[in-house]
1. Give the range A:419-460 a look and list any residue that's within 6 Å of RNA strand B (Cβ to nearest atom), over 21 Å from the mean Cα position of the chain (by Cα) and either part of a helix (DSSP H, G or I) or touching a residue at least 12 places away in the same chain (Cβ under 8 Å) (or both), or say none.
2. Looking only at the range A:485-512, which residues are assigned to a loop (DSSP other than H, G, I, E, B) and in contact with a helix residue (DSSP H, G or I) (Cβ under 7 Å, 6 or more places away or on another chain)?
3. What are the pairs with Cβ atoms under 8 angstrom where one residue, in the range A:542-560, is within 16 Å of A:R494 (Cα to Cα) and the other, located anywhere, is crowded, with 24+ Cβ neighbours inside 10 Å and of a type in the set (K, R)? Sequence gap at least six, or different chains.
4. Residues that are within 16 Å of RNA strand B (Cβ to nearest atom) and among the aliphatic types (A, V, I, L, M): list the helices (runs of 4 or more DSSP H) wholly contained in the range A:1-108 that include at least 3 such residues.
5. Output yes when any residue across the range A:373-385 is acidic (D, E), surrounded by fewer than 20 Cβ atoms within 10 Å (Cβ to Cβ) and free of Cβ contacts under 8 Å to residues at least 12 places away in the same chain, and no when none is.
6. If you scan the range A:507-550, which residues turn out to be in contact with a Ser or Thr (Cβ under 8 Å, 6 or more places away or on another chain) and among the basic types (K, R)?
7. Looking at the structure I just gave you, is A:S69 in the same structural domain as A:D38 (by TED's automatic domain parsing) and either closer than 17 Å to A:L485 by Cβ or basic (K, R) (or both)?
8. Specify the residue that is nearest to A:K370 (Cα to Cα); the eligible residues are those in the range A:322-337 that are buried (at least 16 other Cβ atoms within 10 Å of the Cβ) and among the small types (G, A, S).
Amino acid sequence: MKYKELFAKKLVQACNGVVEYGDLIQRIEIPKHESLGDYAFPCFQLAKFEKMSPNKIAENLASDMNDPSFEKVEAVGPYVNVFLNKTTVASDVIHLVLSQEGKYGSSEIGEGGAVTIDLSSPNIAKPFSMGHLRSTVIGNALALLVEKVGYCPIRINHLGDWGTQFGKLITAYRKWGNEQKVREQTIKELLNLYILFHEKAELDPVLEDEGRKAFKELEQGDPEAVRLWDWFREESLKEFNRIYDLMGITFDSTNGEAFYNDKMQRVIEMLEEKNLLVESNGAMVVDLGEDTPPCLIKKKDGASLYATRDLAAAIYRYETYDFSQSLYVVGNEQSLHFKQLIEVLKKLGFDWADHMHHINFGMMLKDGKKMSTRKGKVVLLEEVLSEAIELAKENIEAKNPNLENKSVIAQQIGVGAVLFHDLKNDRRNDIDFSLEDMLRVEGETGPYVQYTHARACSILRKGNYQKGETIEELDEEAWSVVTKLRHFPNVVERAATEYDPSQIAKFVLELSRAFNKYYGQVRLLEENSSKQARLQLVSAVAIVLQEGLRLLGLHAPKEM
RNA sequence: GUCCCAGUAGCUCAGCAGGAUAGAGCAACAGCCUUCUAAGCUGUGGGUCGCAGGUUCGAAUCCUGCCUGGGACACCA
């Protein structure tokens, strides 16, 4: 929609080019209150150029301006307020949505460039906790968003399947493990062993050394260690896939940390070649100057570290995918790590490191504190999802017992509640875990938006909606709905360029609120001359809600 | 100690490329289902925008300092 641009052009004309178009369009704002119009231009700055009061300037500008797209232009104090022509605009917007359907809001900003997205990345042999939910859900939404604006997303599940923790686990298994028990309940039993290890290690620090030694064996290919590792990995993946299926998330690659095991030597050689590797307290590090702590590359015992593997992974991704951007959806607490990673890559001469972005997010806290796997203080995602689905089922039984496909829809709603709860706020905020909040279905929630969509669909079914009618006139009450629909492409663009799915979440909430209000004020199915125009608006709302929900990874059932 | 992030209504949060009366949801209270799904809508009460300075015609928004909370800071990831 070009109405803002049109307003800016008219302003340039009205002030005889005293101020440039670029300056003007930047200052145009959307008034806080609908009663003040659709766009506003504050005249304070102009008052400095001309020797006139802002109020006077606003009056002059307003009187000089008219266009068929503008219903009214008026000066209110120091502002020029524009009211768009509702009939024209509503007709334009609704037709655009109805003709483009799911493509409405799409763009080609990305020019087909590849965007690798490192997301989810749970640790093998540990339960899939609420903490990993955030990375999974945010990463998936970003993949969908980035695709919407013309990039080609590549979802990489960088499994935590390597590292000293496996040495610890292998050590624990050798000491206290019971094969039978592990076969029966792999993850649960492995978690018990992991917790046990840390309990014992507090009393007997020698265990830590044993754990490190076991990892070293694994890294060097010791057959027995590798056998255990393979087994743990296999079983864990089975469990993770069950959860990913539930959430409808797939990956383009599940190359975890282990995949880079044979690619690290090359990185170390590159670092040596550039004389970047220095010895420090027995370890090998890259010095990053005063402001940044050095990046550890190799431990005293020669074993690799997280940074080493991530360097190899970054290079591998660049060489494999030739990405235009590389995103890492990883918690706040790893900010320093990514800063170091990017700096080391730059020291290696890789300019593309500038296109790597740490998409940080806040932690999932429990009672205001960090959850710790080591102490067994984790909330299991699968349990939360099951509860949410169960609750959705109960709601359906109570409210719409004749619904078909109850269990499918209950799953879509239950999962929707959990995902939306994670996405609706700025990703950088910490979230204190609250099952109650997560299961909520009223107010600012996923099910509220889904419900609104289902209601719109219901109207369309009952009203025998036909495509292709023209819009003569629409209710006054519909204007805020039309305005929301009109803004959708801008919201998509902003959400994508700022890596911020919450903007989509907020948008679908606002659209839902506007639509529900309209729905409450106007009897949409009343037989009169407005009916077809109304149904077209309802159809446009349903399309945009569905697309907004899709971008967040939620389903939009037609009935619920 | 150094660095990063946050502090807005009882609670959870929007708003923060400076602009017109600071907005939602939840919770509380009061209404609305013989008519389109009440997972909804309407109304009421509730705010020194952490504190103190500064920049500006104008600051919740930008700058500085302080307070409070959280996180990171070498062989975990």
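1. Those that are within 6 Å of RNA strand B (Cβ to nearest atom), over 21 Å from the mean Cα position of the chain (by Cα) and either part of a helix (DSSP H, G or I) or touching a residue at least 12 places away in the same chain (Cβ under 8 Å) (or both): A:Y451, A:A454, A:R455, A:S458, A:I459.
2. Our first condition is that a residue be assigned to a loop (DSSP other than H, G, I, E, B); within the range A:485-512, this holds for A:498-501.
Hits for the range A:485-512 are A:Y499, A:P501.
3. Close Cβ pairs satisfying both conditions: A:L551/A:K148.
4. Working: elements: A:3-14, A:21-27, A:44-49, A:54-63, A:86-100.
Filter on the range A:1-108 gives A:54-63.
5. Kept after step one, since they are acidic (D, E), are these residues of the range A:373-385: A:382-383.
From what's left, surrounded by fewer than 20 Cβ atoms within 10 Å (Cβ to Cβ): A:382-383.
Among the residues that remain, those that are also free of Cβ contacts under 8 Å to residues at least 12 places away in the same chain are: A:383.
Yes, because at least one residue in the range A:373-385 is acidic (D, E), surrounded by fewer than 20 Cβ atoms within 10 Å (Cβ to Cβ) and free of Cβ contacts under 8 Å to residues at least 12 places away in the same chain.
6. Once the filter is applied, which keeps residues that are in contact with a Ser or Thr (Cβ under 8 Å, 6 or more places away or on another chain) and among the basic types (K, R), the range A:507-550 yields only A:K517.
7. Working: in the same structural domain as A:D38 (by TED's automatic domain parsing): yes; either closer than 17 Å to A:L485 by Cβ or basic (K, R) (or both): yes.
Considered against the rule, which asks whether it is in the same structural domain as A:D38 (by TED's automatic domain parsing) and either closer than 17 Å to A:L485 by Cβ or basic (K, R) (or both), A:S69 comes out as yes.
8. Per the stated criteria, the residue is A:G331.
The values are calculated or read from the model by the stated rules, or taken from the named source; none is laboratory data. Remember, it's a predicted structure, so these values are computed and weren't measured experimentally. Positions of Cβ are backbone-derived with ideal geometry, glycine not excepted, and every protein chain shown enters the neighbour counts. Please note that ligands, DNA and RNA were not included when accessible areas were found on the heavy atoms of the full protein model with its side chains. Shrake-Rupley method; radii C 1.70, N 1.55, O 1.52, S 1.80 Å.
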